[in-house]
Amino acid sequence: MADHEFRCIRYEIRDETAWITVNRPEKLNALDRRTMEELGRAADEAAADPGVRVVVVTGAGEKAFVAGADIREMSTLDAREGEAFARFLQDTLDRLERLGKPVVAAVNGYALGGGCELAMACHVRIAADTARFGQPEVNLGLIPGAGGTQRLQRIVGRGRALDLILSGETIDAAEAHRIGLVNRVVPAADLQRTVEAFAALLRAKSPTAQARALEAILSGGEVAQPEAMRTEAAMFGLCFATADMREGTAAFLEKRKAAFPGK
Ligand code: DAK
């Protein structure tokens, strides 16, 4: 177990899974600058650690995943500082999304504003039935500044993203599931267990294939389809150079379970 010099998050490794827990429950895990810096460092650490196969992001306590960027801290910024802060938040969440291993959000409560943006930077979202989602920035005279105007429309479609961002309304977990914002909803008491089981499922698969699938999907989503197809073909080709691919195909032909070497 590792828990280095982090103050606002907990970083723990269990069963080759890095659990990153935003740990300011008294402020509903609101993201201040220090918390975001620590999140970025944790993402880099999980990316670099060969002992980490899956990353889970969650919030401390039972009430909130993350209730947004820290409103008190943001309230004093001027326009130039606001733009710089947005770039800093965007860069941090990009590092999480791009860390090359599956990242799962275990959404245990409010996921509002920057919290919803954090969840959307994760690859799969599993929510407690008590969770609530939204981009309520318009209530503060703000807009989403940590990728929310972009990731939300890519996940749920432009019409639903416009609805949520322009109204600032929040939705419950069932509605978030209905519109495709979350992948699964489970009773709050089952969230930990469900995420652990899903992480175990992810760990049983080929990490090299997962890394290349992430690259093809994330890069492909940013460019025109013909270029994305070339990236997919390149990633597909690279799989043929891996021991994982030899093992996976051999195991299928020998009617046994694959044991991926991860290279
Ligand atoms: N920031 C700071 N403190 C927060 C907070 C937040 N986002 N959310 C909650 N807290 C604090 C509360 O102030 C309170 O602290 P004390 O007063 O006890 O010191 C404590 O957490 C407990 O909260 P409540 O007493 O309010 O708890 P309730 O159960 O009554 O209400 C709530 C829960 C989630 C409905 C309520 O706390 C709430 O509405 N919170 C704000 C939710 C929100 O608006 N979130 C979006 C934040 S804006 C940008 C970059 C990023 C973003 C925008 C721009 N640029 C760089 C330009 C993103 C913006 C956001 O995320």
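No value in this document is a laboratory result; all are computed from the given coordinates. Fair warning: this is a prediction, and the values are worked out from it, not measured in the lab. Quick reminder, even Gly has a Cβ in these numbers, built from the backbone with ideal geometry, and neighbours come from all protein chains shown.
Structure notes:
- Whole-Hz couplings from phi, Karplus 6.51/-1.76/1.60, listed for region 229-235; x for Gly and Pro: 5, 5, 5, 4, 4, 5, 5
- Between 0 and 90°, nearest 10: helix 207-220 axis offset from the chain longest Cα axis: 50
- The slack between Glu169 and Phe240, meaning 0.36 nm per residue of separation minus the straight C-alpha distance, is 20.8 nm.
- Based on Cα contacts under 8 Å between residues 6+ apart, region 1-133 shows a relative contact order of 25 percent.
- For region 73-81, Karplus couplings with θ = phi - 60° (6.51, -1.76, 1.60), whole Hz, Gly/Pro x: 5, 6, 5, 9, 6, 9, 4, 5, 5
- Amide proton proximity set for Ile13, modelled H, under 5 Å, gap of 5+: Ala2, Trp19
- Each Cα pair under 8 Å and six or more residues apart adds its sequence gap; the mean of these over the residue count of region 86-209 is a relative contact order of 27 percent.
- Helix 191-203 vs. the chain, principal-axis angle (Cα, 0 to 90°, nearest 10): 40
- Note on the chain: GNM, Cα springs under 10 Å; of Gly61, Gly145, Gly237, the largest mean-square fluctuation is that of Gly237.
- By DSSP, the beta bridges lying fully in the chain are antiparallel in about 30 percent of cases.
- Using the average count of surrounding beta-carbon atoms within 10 Å as a protection proxy, the listed peptides 12-24, 124-136, 75-87 rank, highest first, as 124-136, 12-24, 75-87.
- Cα-based helix-to-principal-axis angle, 243-253 vs the chain, degrees rounded to 10: 60
- Pairs of Lys residues in the chain are counted when their Cα atoms are under 19 angstrom apart and they lie 8 or more places apart or on different chains; the count is 6.
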